[in-house]
Each structure stands twice: as C-alpha cells, then as structure tokens.
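Here is the structure we will look at, set down as structure tokens.
What follows is calculated from the coordinates using simple rules that are stated; it is not laboratory data. Predicted model, so just to flag it, every value in this text is computed and none were measured. Note that each Cβ is placed from the backbone with ideal geometry, even for glycine, and that neighbours are counted across all protein chains shown.
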Ligand code: AMP
C-alpha cells in the first residue's frame, strides 16, 4: 500500500505516519528527515547550479526536485518497501508527483491513496511555534513558518489537485485530538466497497 500523506507544515503528518507505520507494518519515509540526515552526514549537496544545505532547509526553501526524488527512489528499491510505504512530505511539487508515478510504474506499483490533513492556518502557526520551543528546529521561527506555509500554498497545494483528478484524495480533519485523527485516517484507508453486479443492476432499475 503506497500512501501519500499531504498537508501543510504542522498538520501532524509525521505523528500520524509513525502510528500508521506501526499499525500497517510498512516503512515511514519522511523526506524532511532524509534531507536533515543527508546534510548532517555529508554537508550541503551541490545539485546542478543549486547548493542545498542547512541554510536552505533552515530557511524553509524546497530542495531541488531531482535531489529529493533521488533520495526517495533509492529508498523505494529497498526490500522493506516492497509491500508499500507511507510518504510524508513527498511529493511536494507536481513535478515530484510525476516523477514518483514514473518510479512506481517501473516497480509495477501505484499510489493507493492520498490523505490530506486539513488544519486551519492559525492553529498551524501556534503548533509550529510550540514545536520550535520543544525541538529547537531552526525552520520553526515565525518568519520561516510564514514562508513555509506560503510555499505549501503555492507549490504543494497543486499536488492535491493533481491527485484529485485521479480520484485518490481523501480529506481528514487534522484539527482534532490525535487519536481521533488516527481513527479517521484508518477509516479513509479502507478499500472502497466493490459494487456488486446485483446492486449495480438494482440501482439501474430504480433510476
Ligand atoms: P519537513 O520535515 O517535512 O517539514 O521538511 C523540512 C524541510 O525539508 C522543508 O521545509 C523543505 O525545505 C525540505 N523538504 C522536505 N521534503 C521536501 C520535498 N519533498 N521537496 C523539497 N524539499 C523538501
């Protein structure tokens, strides 16, 4: 089951993915974590003419599509990802979504569902400021929070449109108790009930 968890920063994607990963026994792939780890081990990465490192991630600037896609592609080839993954923070641009589709196709797979965690912007800002105190993340300052929300609206929200056209998006209210969000997330991952031939026929008879 290849699931994309999409939502603005602070929506709770990481928290829900961790719980889902344990419940479904499939890996949780967070591109934010992967980038932070890559930078802490190797320092800034040169990609074409762009340099991507601590300053860029701290400023809330998106990493180049090719760099992030490469990280995900390498991971998807791993044995533990063969039954599915939870993608957290990826794809963040329509280009990344297209590249992911190509990559999954070569593996004979496709995205099963896209869960959109919806949370009002005021709540997000408060949550992120609180996280800044607890986790000391350099990208959780008021200025960068505003910037990251803007990047989400401009570059990532179109990804929701991309997947909506394929009928894959299910919206979950992320502005409620974590446990309730988790139950809603699980409900949205249930298979669609297959319409039996008989019920299809009776619908036809009624109309
Ligand atoms: P996150 O931990 O998901 O909030 O990501 C932290 C930062 O990493 C983001 O603000 C971006 O700068 C960068 N990042 C994470 N995922 C991606 C992605 N899919 N594409 C580009 N940049 C990303």
* Quick one: which of 57-63, 164-170, 154-160 comes out on top by average Cβ neighbours within 10 Å, and what's the full order, highest first? -> 57-63, 154-160, 164-170
* To do: Can you quote the Å³ per residue value for the convex hull of the Cα atoms in the range 6-47, rounded to an integer?
  => 104
* Distance histogram for the range 55-207 (every C-alpha pair counted, 10 angstrom bins, percent rounded to whole numbers) -> 9, 29, 34, 19, 6, 3, 0
* In the Gaussian network model of the chain, springs joining C-alpha atoms below 10 Å, which of 32, 174, 43 carries the largest mean-square fluctuation? -> 43
* Asked: Per residue of the chain, what 222 nm ellipticity follows from adding -39500 (n - 2.57) for every DSSP H run with n ≥ 4, rounded to the nearest 500?
  -> -15500 deg cm²/dmol
* Asked: Hey, with R₀ at 22 Å, roughly what FRET efficiency would residue 129 and residue 179 work out to, going by the Cβ-Cβ distance, to 0.05?
  -> 0.40
* Share of antiparallel DSSP beta bridges in the chain, in percent to the nearest 5? -> 15
* Asked: Between the range 128-185 and the range 6-76, what is the C-alpha centre distance in whole Å?
  -> 14
* Asked: How high is the relative contact order of the chain, given as a whole-number percent (alpha carbon pairs under 8 Å, six or more residues apart)?
  -> 30
* To do: With an 8 Å cut-off on Cα pairs and a minimum separation of 6 or more residues, tell me the relative contact order of the range 8-99 in percent.
  => 38
